[in-house]
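Below is one structure; the comments refer to it alone.
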Amino acid sequence: MGNNIPKEVQNIVKQLNSADFEAYIVGGCVRDLLLGIKPKDWDITTGATPEEIQKVFPDSFYENKFGTVGVKTESEDTTLKVVEVTTFRTEAKYTDKRHPDRVRFTKNIKEDLARRDFTINAMAMDIEIGEELIDYFDGREDLKAKSIRAVGEPARRFNEDALRMMRAVRLAAELGFALEEGTAKAIKKNVSSINLIAKERVKDELLKLFMTSAAHEGIELMRETGLLQEVLPEMAKGIGVTQNKHHIYTVYEHNLFSLQWAAEHDYSLVVRLAAFLHDIAKPQVKQGEGPDSTFYSHEVLGARMAAQVLDHLHFPRELIDKVALLVRHHMFYYNVDEVTERSVRRLLAKVGPENMDDLIKLRICDRMGSGVPKAQPYRLRHFQFMVDKVQKDPISVGMLKVRGDDVMKALNIKASPKVGQILDILLDEVLDEPAKNVKEYQLKRVEALGKLSENSLETLRQKAIETQEEVNRGEEEEIKKRYHV
């Protein structure tokens, strides 16, 4: 096992020991070593105070009140450039259920381990003396039993830091473990205290959960313990909501299984979130019951709801916008015999070429999560063929052969709304006929359009927009009739 411990970590422990201080690797890295997993980070705990640690490592830094010193190394591995070394400590009452009111340093490793969250994270290892495992709370036995068990009294651990409840279900999903009965009961009893935690911290745990290969199992644990109802109440509303003849699962189950497909196929975070949130609005828009029930416009409301949920949890704006875009367009109509290159170009213009792969992946998740597997590989392959075929066709003003300065020069005018109107009209023409994206032709059209007033140009521009909206409505109505959505 020693060969799996980086030399940078070994050297820090050795130097502390040489200065007559106890020092051990601790927490998640010990857990991962015992599981045969490569640790993502390394933590060291010691009997030395922060001041004493800094005397041993003069180039270190100490910028907190929790006894954690950053020890710099010369490692080329970015995860090892700074190794955290923390003084043995005990923690007093957590009044806000987030932070200890005060921290007291101790010389006792057992007291330090006793304050930790779960038994599998409350183990230390002496790597200088035969890799001796320090395990006062039977963490190794819980690893063998694949059990997530709180250290000591579970309710006390969760009262100290309510985020530990989210961490419990995330670790269970990540490791394929189960929640120990007493730990699960304590989460259910204290679940409302999760609302005291900063949204950024909750978001961070959710992000880690969604990126596990068993994200759906973590979400299901959230439902079983009540965390889903507190953290993502909009998704909990889908529990028990039946669908129409194209689904055998409830709305919640369908969202869950769509996420499962995304996670098991290692799709991106954007696709995983979109897969879970894509039908978020169905409970609100459902009309009727039984096999012919409908969910008209759920994708429109769903895009807004998904954005609101992610914004509330302080996800990055760029990610929010991408997820909302995928949710909004996940019902795109595609029938091999009916869809034209024109309609594919217009979809590309709305969604963006850079998002088409994710949109197709979301469509696969949606299909495979329906309970009536219809990946329809030929349709999807044909659609991808069509996308690739029209990929180089103009789908935005920026892809036209003429630019705004060309319009101004041809008409001898300054920048004005008229320039934008003309470019929008030209784009509408080439969306229908890419062959018209020729500079000579477009300059002639500029001259002709330039003779019209701004009001006349705006009328033409609005007509183009209305034509596009009519096409969109026609396609959406067709798919809604076909699939009762």
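A few points about this structure:
- Residue among Leu431, Leu460 that alone is touching a residue at least 60 places away in the same chain (Cβ under 8 Å), of a type in the set (A, V, I, L, M) and either assigned by TED's automatic domain parsing to the domain that holds Asn355 or in a helix (DSSP H, G or I) (or both): Leu431
- Matching residues in region 124-180 - criterion: being on the phi > 0 side of the Ramachandran plot and within 27 Å of the chain's Cα centre (by Cα): Lys146, Gly176
- Scanning region 1-52 for residues that are aliphatic (A, V, I, L, M), in contact with a Ser or Thr (Cβ under 6 Å, 6 or more places away or on another chain) and more than 28 Å from Ala168 (Cβ to Cβ) yields Leu16, Ala23.
- Residues of region 217-268 satisfying the condition of being of a type outside the set (Ser, Thr, Tyr), assigned to a loop (DSSP other than H, G, I, E, B) and more than 18 Å from Ala306 (Cα to Cα): Gly226, Gly240, Val241, Gln243, Asn244, Lys245, His246, His247, Ile248, His265, Asp266
- All positions within region 1-42 that are exposed (fewer than 14 other Cβ atoms within 10 Å of the Cβ), in a loop (DSSP other than H, G, I, E, B) and not aliphatic (A, V, I, L, M): Asp20, Gly36, Lys38, Lys40, Asp41
- Residue match in region 288-298 (condition: of a type outside the set (Asp, Glu), surrounded by 23 or more Cβ atoms within 10 Å (Cβ to Cβ) and closer than 18 Å to Leu362 by Cα): yes
- Qualifying residue in region 24-31 (condition: farther than 17 Å from Thr79 by Cβ, modelled with pLDDT of 95 or more and more than 32 Å from the chain's Cα centre (by Cα)): yes
- Of the residues contained in region 41-55, none is found to be on the phi > 0 side of the Ramachandran plot and either within 27 Å of the chain's Cα centre (by Cα) or not basic (Lys, Arg) (or both).
- Residue in region 368-378 that is modelled with pLDDT of 85 or more, part of a helix (DSSP H, G or I) and under 21 Å from Lys322 (Cα atoms) present: no
Every residue, every condition in (1) surrounded by 17 or more Cβ atoms within 10 Å (Cβ to Cβ); (2) at pLDDT 95 or above; (3) within 24 Å of His312 (Cβ to Cβ), yes or no:
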| position | (1), (2), (3) |
| --- | --- |
| Ala162 | yes, yes, yes |
| Ala168 | yes, yes, yes |
| Ala173 | yes, yes, yes |
| Glu180 | yes, yes, no |
| Asn195 | no, yes, yes |
| Ala215 | yes, yes, yes |
| Gly226 | yes, yes, yes |
| Val231 | yes, yes, yes |
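- When Leu431, Leu400, Leu348 are screened for being under 27 Å from the mean Cα position of the chain (by Cα), closer than 30 Å to Leu457 by Cα and buried (at least 18 other Cβ atoms within 10 Å of the Cβ), only Leu348 passes.
- Residue that is without any contact (Cβ under 8 Å) to a residue 24 or more places away in the chain and of a type outside the set (Phe, Trp, Tyr), where the choices are Asp112, Asp59, Asp77: Asp59
- From Phe21, Phe105, Phe61, residue being over 30 Å from Gly152 (Cβ atoms) and either among the polar types (S, T, N, Q) or modelled with pLDDT of 90 or more (or both): Phe61
- Any hit, region 361-373, residues being touching a residue at least 24 places away in the same chain (Cβ under 8 Å), within 16 Å of Leu259 (Cβ to Cβ) and polar (S, T, N, Q): yes
- Exclusive hit being modelled with pLDDT under 90 and assigned to a helix (DSSP H, G or I), set Arg381, Arg363: Arg381
Residues are listed down the side, and each one gets a yes or a no for (1) under 15 Å from Gly238 (Cα atoms); (2) free of Cβ contacts under 8 Å to residues at least 12 places away in the same chain:
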{"residue": "Val271", "(1), (2)": "no, no"}
{"residue": "Ala275", "(1), (2)": "yes, no"}
{"residue": "Glu289", "(1), (2)": "yes, no"}
{"residue": "Tyr296", "(1), (2)": "no, no"}
{"residue": "Pro316", "(1), (2)": "no, yes"}
{"residue": "Leu325", "(1), (2)": "no, no"}
{"residue": "Arg328", "(1), (2)": "no, no"}
{"residue": "Tyr334", "(1), (2)": "no, no"}
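- Within region 64-83, tally of residues that are closer than 25 Å to Met165 by Cβ, surrounded by fewer than 17 Cβ atoms within 10 Å (Cβ to Cβ) and modelled with pLDDT of 80 or more: 1
- The set of residues from region 43-63 being buried (at least 23 other Cβ atoms within 10 Å of the Cβ) and outside any helix (DSSP H, G or I) comprises Ile44, Thr45, Thr46, Ala48.
- Failed item in (1) assigned to a helix (DSSP H, G or I); (2) modelled with pLDDT of 90 or more, with Ile413 passing the rest: (1)
- Number of the exception - Asp279 against (1) surrounded by fewer than 24 Cβ atoms within 10 Å (Cβ to Cβ); (2) among the acidic types (Asp, Glu); (3) within 24 Å of Thr294 (Cα to Cα): (1)
- Of the set (1) more than 22 Å from Lys322 (Cα to Cα); (2) surrounded by 17 or more Cβ atoms within 10 Å (Cβ to Cβ); (3) modelled with pLDDT of 95 or more; (4) among the polar types (S, T, N, Q), all apply to Asn244 but (3).
- Considering (1) touching a strand residue (DSSP E or B) at 6+ places or on another chain (Cβ under 6 Å); (2) β-branched (Val, Ile, Thr); (3) over 22 Å from His247 (Cα atoms), the lone condition that Thr294 does not fulfil carries the number (3).
- Restricting region 271-285 to residues that are of a type in the set (Gly, Ala, Ser) and part of a helix (DSSP H, G or I), the residue that is farthest from the chain's Cα centre (by Cα): Ala275
The values are calculated or read from the model by the stated rules, or taken from the named source; none is laboratory data. Model, not experiment: these values are computed from the prediction. Don't worry about glycine lacking a Cβ; one is built from the backbone with ideal geometry, like all the others, and counts go over all protein chains shown.
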